[in-house]
Amino acid sequence: MISREELLKLAALARLRLDESEIGQFQHDIAEMLEYVKTLEQVDTSGIEPLSPALDSGNVLREDLVKPSLPVDEALKNAPERVDNYLKVPKVVDN
């Protein structure tokens, strides 16, 4: 079973806020998932060839072409907030 501390650390990394009822449920759910992974690890796959893609198309790439870019005013005309030539967004990283 995953400990409460481990679950809260995972929740913090995923930026999830869990109430008390969710903590118990998530501990149970994660424990079941880890047990399933242990079961899969026991399967002997030594004689099984890796799957290949259904289509043998490989990467479909196009040639890079240099083209004029969109003017800044045109690119930012629908921006909710703007600072000079940049789109202003809320801070999402805490120090």
Pairs returned, first residue in the range 1-18 that is in a helix (DSSP H, G or I), second residue that is aromatic (Phe, Trp, Tyr), beta-carbon separation under 7 angstrom, 6 or more apart or interchain, are 7/26
Can you name every residue in the range 33-59 that is of a type in the set (Asp, Glu) and surrounded by fewer than 10 Cβ atoms within 10 Å (Cβ to Cβ)? 41, 44, 49, 56
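Go through the residues of the range 24-43 one by one and say whether even a single one is assigned to a loop (DSSP other than H, G, I, E, B), farther than 30 Å from residue 93 by Cβ and β-branched (Val, Ile, Thr). Even if it seems obvious, please write down each step before you answer.
First, pick out the residues of the range 24-43 that are assigned to a loop (DSSP other than H, G, I, E, B): 42-43.
Within this subset, residues satisfying the condition of being farther than 30 Å from residue 93 by Cβ are 42-43.
Subsequent filtering for residues that are β-branched (Val, Ile, Thr) retains 43.
Looking for residues that are assigned to a loop (DSSP other than H, G, I, E, B), farther than 30 Å from residue 93 by Cβ and β-branched (Val, Ile, Thr), one finds at least one in the range 24-43, hence yes.
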Could you count how many residues in the range 20-35 are more than 23 Å from the chain's Cα centre (by Cα) and of a type in the set (Val, Ile, Thr)? 0
Please indicate, with yes or no, whether at least one residue in the range 73-90 is surrounded by 10 or more Cβ atoms within 10 Å (Cβ to Cβ), under 30 Å from residue 2 (Cβ atoms) and either over 28 Å from the mean Cα position of the chain (by Cα) or among the small types (Gly, Ala, Ser) (or both). no
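Throughout, read-outs are computed from the coordinates displayed, never taken from laboratory work. Because the structure is predicted, anything quoted here is derived from the model rather than measured. Cβ coordinates were reconstructed from backbone atoms using ideal geometry, including for glycine residues, and neighbour counts include every protein chain displayed.
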